[in-house]
Amino acid sequence: MTPDELDEFLTTQRTCRVATVSADGAPHVSTLWFVWDGKSLWLYSITRSKRWSDLRRDPRVAVVVDTGEEYDDLRGVELSGTVEFIGEAPRTGEPYPELDSVERLFARKNFALDEMPHDGRHAWMRLTPVATASWDFRKLASL
């Protein structure tokens, strides 16, 4: 994908697959909603999840966002790097300016709300990818 296609794709997709490394070294993959701000992928995770505890211990992560049912419709992106934990954990809505625009984007995208509902069970992680790989099999027909 071109940079513009990648940005549009990550802005419009909703669900990603997050790959972490468990304490015993085994891989763990889980699904999660996300929001893309143009340079970072923001993950809103339950703080009592295996994913959260894996990433607290080892913040290396790979995330895949993909779509398509038929082979020639498959497209997606893999982003990898290290997550940073941003804000309070769990998030109860205390003022945290760095999260203002992210929470507004997330609330609009996933809940059709202007304000983020906080449940005291989730918290934020930011992945600013160090490596990105994308594919768009829809382009194969033109080769």
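Hey, among Trp36, Trp52, which residue is under 16 Å from Val130 (Cα atoms) and surrounded by 15 or more Cβ atoms within 10 Å (Cβ to Cβ)?
Checking each option against the conditions leaves just Trp36.
Out of the residues in the stretch 24-40 meeting the condition of being in contact (Cβ under 8 Å) with a residue 12 or more places away in the chain and of a type in the set (A, V, I, L, M, F, W, C), tell me which one is nearest to Ser53 (Cα to Cα).
Val29
Looking only at residues that are aliphatic (A, V, I, L, M) and within 14 Å of Met125 (Cβ to Cβ) in the stretch 55-89, which one is surrounded by the fewest Cβ atoms within 10 Å (Cβ to Cβ)?
Ala89
Does Ser134 count as among the hydroxyl-bearing types (Ser, Thr, Tyr), surrounded by 14 or more Cβ atoms within 10 Å (Cβ to Cβ), within 20 Å of Arg17 (Cβ to Cβ) and out of contact with any helix residue (DSSP H, G or I) (no Cβ under 7 Å at 6 or more places or on another chain)?
So Ser134 does not fit the description; no.
Against the conditions (1) among the hydroxyl-bearing types (Ser, Thr, Tyr); (2) closer than 18 Å to Glu115 by Cα; (3) surrounded by 18 or more Cβ atoms within 10 Å (Cβ to Cβ), where does Thr92 fall short? Just the number, please.
Of the numbered conditions (1) among the hydroxyl-bearing types (Ser, Thr, Tyr); (2) closer than 18 Å to Glu115 by Cα; (3) surrounded by 18 or more Cβ atoms within 10 Å (Cβ to Cβ), the odd one out for Thr92 is (3).
Only residues that are assigned to a loop (DSSP other than H, G, I, E, B) and either at pLDDT below 95 or not acidic (Asp, Glu) (or both): list them for the stretch 25-39, please.
Of everything in the stretch 25-39, those that are assigned to a loop (DSSP other than H, G, I, E, B) and either at pLDDT below 95 or not acidic (Asp, Glu) (or both) turn out to be Gly25, Ala26, Gly38, Lys39.
Could you please give the count of residues in the stretch 55-73 that are touching a Phe, Trp or Tyr at 6+ places or on another chain (Cβ under 9 Å) and under 16 Å from Val130 (Cβ atoms)?
3
Working only within the stretch 79-97, note down all residues that are touching a residue at least 12 places away in the same chain (Cβ under 8 Å) and either among the hydroxyl-bearing types (Ser, Thr, Tyr) or under 22 Å from Arg60 (Cβ atoms) (or both).
Leu79, Ser80, Gly81, Thr82, Val83, Glu84, Phe85, Ile86, Gly87, Ala89, Thr92, listed by residue number.
Among the numbered conditions (1) part of a loop (DSSP other than H, G, I, E, B); (2) at pLDDT below 95, tell me where Pro90 comes up short.
Of (1) part of a loop (DSSP other than H, G, I, E, B); (2) at pLDDT below 95, only one is false for Pro90: (2).
Please go through the stretch 113-143 and pick out each residue that is closer than 25 Å to Thr47 by Cβ and either in a loop (DSSP other than H, G, I, E, B) or among the hydroxyl-bearing types (Ser, Thr, Tyr) (or both).
Correct list: Leu113, Asp114, Glu115, Met116, Pro117, His118, Asp119, Gly120, Arg121, Thr128, Pro129, Val130.
List pairs: first residue in the stretch 1-23 and assigned to a loop (DSSP other than H, G, I, E, B), second residue of a type in the set (Ser, Thr, Tyr) and surrounded by 12 or more Cβ atoms within 10 Å (Cβ to Cβ) anywhere in the structure, Cβ distance under 7 angstrom, at least six positions apart or on different chains.
Sorted first by the residue in the stretch 1-23, then by its partner, the pairs are Met1/Ser134; Gln13/Thr67.
The values are calculated or read from the model by the stated rules, or taken from the named source; none is laboratory data. Note that the structure is predicted; figures quoted are calculated from it, not measured. Methodologically, a virtual Cβ is constructed for each residue, glycine included, from the backbone with ideal geometry; neighbour enumeration extends over all protein chains shown.
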